[in-house]
1. Can you work out the Karplus-derived ³J(HN,Hα) for every residue in the range 77-83? Use 6.51 cos²θ - 1.76 cosθ + 1.60 with θ = phi - 60°, whole Hz, and x for glycine or proline.
2. Given a 1.4 Å probe and heavy atoms of the protein chains only, how would you sort ARG62, ARG87, largest accessible area at the top?
3. For GLN76, what residues show an amide H to amide H distance below 5 Å, using hydrogens built from the backbone and excluding near sequence neighbours?
4. Could you tell me the relative contact order of the range 10-62? Use alpha-carbon pairs under 8 Å, at least six residues apart, and round to a whole percent.
5. Step through the residues of the range 43-59 one at a time and calculate ³J(HN,Hα) from phi using the Karplus curve (6.51 cos²θ - 1.76 cosθ + 1.60, θ = phi - 60°), rounding each to whole Hz and writing x for Gly and Pro.
6. Please identify every one of the GluC sites (Glu not before Pro) in the range 28-71 that sits in a loop by DSSP and has no more than 16 other beta carbons within 10 Å of its own beta carbon.
7. Given the range 1-143, report the % of alpha carbon pairs whose separation exceeds 24 Å.
8. Evaluate E = 1/(1 + (r/R0)^6) for ASN5 and ARG49, where r is the Cβ-Cβ distance and R0 equals 22 Å; express this FRET efficiency to the nearest 0.05.
Amino acid sequence: MQHNNYIFTSERLGFRQWQDSDLPSFVAMNQDARVMKFFPNPLPENETREMVERMKALIDQRGYSWFAVDELSSGQFIGFIGLNHPRFESFFTPCMEIGWRLHPDFWHKGYATEGGNACLDFAFNTLKVEKVYAFTADTNKPSEQVMVRLGMTKAGEFLHPLLPNHPLSNHVLYVTSKRVVSNPQHTIGL
């Protein structure tokens with residue numbers, strides 16, 4: 001379904017507030033072993049529902065969170081890409097982080113990189129932040145490669161405080177600083 005109320009767009013993607021119609025697909029994604037491979041466990045439906053409600057409230061309050069993302073050519077919901085604040089303490093927090101979670105049908109199309117660039121432009125040029133971080137389990141090479149393609153620099157490694165003694169606790173940390181807009185014609189602001 002095509003939405004015209006995008007907060008901003010990139011060449012192929014639209015970034016928007018979450019809708020009830022996104023839930024079935026997002027629930028399925030969060031229970032897909034391929035999608036959740038680098039997370040402690042798949043999310044039950046009630047946790048996905050709570051996550052969506054939290055993201056909706058944050059977008060309403062501050063204008064950003066993990067945005068629901070559509071493929072513009074089909075109008076199809078493909079997952080999320082966006083900006084958030086980690087809910088744990090570490091040497092680099094508080095901070096703004098960038099992240100993504102896409103349905104496997106939309107992997108290997110460059111959407112995480114394209115969407116990540118659009119979100120970084122939004123963070124630096126609309127929200128006026130100075131730095132954006134990204135992190136993932138050190139075994140999640142596909143996600144780490146997106147960070148590299150976004151021009152982010154490895155800033156170190158850390159043990160995720162919410163995953164003590166877990167196989168996924170060792171995380172890589174990347175950071176990038178303010179830069180010029182790469183696609184000004186696609187940024188329509190809030």
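1. Coupling constants for the range 77-83: 5, 10, x, 10, 9, x, 10 Hz.
2. On the way: ARG62 70, ARG87 180 Å².
Final ranking, largest accessible area leading: ARG87, ARG62.
3. So GLN76 has HN proximity to GLU71.
4. 37
5. Each residue of the range 43-59 in turn: 9, x, 3, 5, 6, 5, 4, 5, 4, 5, 4, 4, 5, 4, 5, 5, 5 Hz.
6. Here no GluC sites (Glu not before Pro) fit, given the DSSP loop and packing criteria.
7. So the pairs more than 24 Å apart make up 27 percent of the total in the range 1-143.
8. Details: r = 22 Å, r/R0 = 0.99.
With a Förster radius of 22 Å, E is 0.50.
The values are calculated or read from the model by the stated rules, or taken from the named source; none is laboratory data. Here the structure is a predicted model, which is why all the values come from computation and not from measurement. Reconstructed Cβ throughout: ideal geometry from the backbone, glycine too, with neighbour counts over all protein chains shown. We work out accessible area using only protein heavy atoms, side chains counted, and drop any ligands, DNA or RNA first. Shrake-Rupley method; radii C 1.70, N 1.55, O 1.52, S 1.80 Å.
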